[in-house]
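As structure tokens, the structure follows; a few thoughts come after it.
None of the figures in this text is laboratory data; all of them are computed from the coordinates on show. Computed from a predicted model, the values in this text were never measured in an experiment. Methodologically, a virtual Cβ is constructed for each residue, glycine included, from the backbone with ideal geometry; neighbour enumeration extends over all protein chains shown.
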Amino acid sequence: MAAAPRPRTIPTRLAAVAAGVPEATIRKWASRGKLTRYGRPGRAEYSVEELADLLARRAGAG
């Protein structure tokens, strides 16, 4: 059985730029379970698809 493909990820800084928020906000969203943190210690990365979904939900709510 094949493993699930790894999601496309981007580092915290790039995720923050893409979302238009500070890096601290990306980390806060991850700690609150809104985004999944990937990567290794000292190098957090976030799924491009998860970030896009979160931003779409926020745009629809506002």
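Just the residues that are of a type in the set (Ser, Thr, Tyr) and surrounded by 18 or more Cβ atoms within 10 Å (Cβ to Cβ), please, taken from segment 1-37. So that I can check it myself, show each step before the final result.
Initially, segment 1-37 is screened for residues of a type in the set (Ser, Thr, Tyr), giving 9, 12, 25, 31, 36.
Listed by number, the residues that qualify are 9, 12.
Going through (1) assigned to a strand (DSSP E or B); (2) touching a helix residue (DSSP H, G or I) at 6+ places or on another chain (Cβ under 6 Å); (3) not small (Gly, Ala, Ser) one by one, residue 38 falls short only on (2).
Applying a threshold of 9 Å to beta carbon distances and a minimum spacing of six or more residues, or different chains, the list of pairs starting in segment 18-42 at a residue that is touching a residue at least 12 places away in the same chain (Cβ under 8 Å) and within 13 Å of residue 52 (Cβ to Cβ) and ending at one that is among the polar types (S, T, N, Q) and part of a helix (DSSP H, G or I) reads 19/25. Scanning segment 38-62 for residues that are charged (D, E, K, R), farther than 18 Å from residue 5 by Cα and exposed (fewer than 10 other Cβ atoms within 10 Å of the Cβ) yields a single hit, 43. Residues that are basic (Lys, Arg) and in a helix (DSSP H, G or I) within segment 1-35 comprise 13, 27, 28, listed in sequence order.
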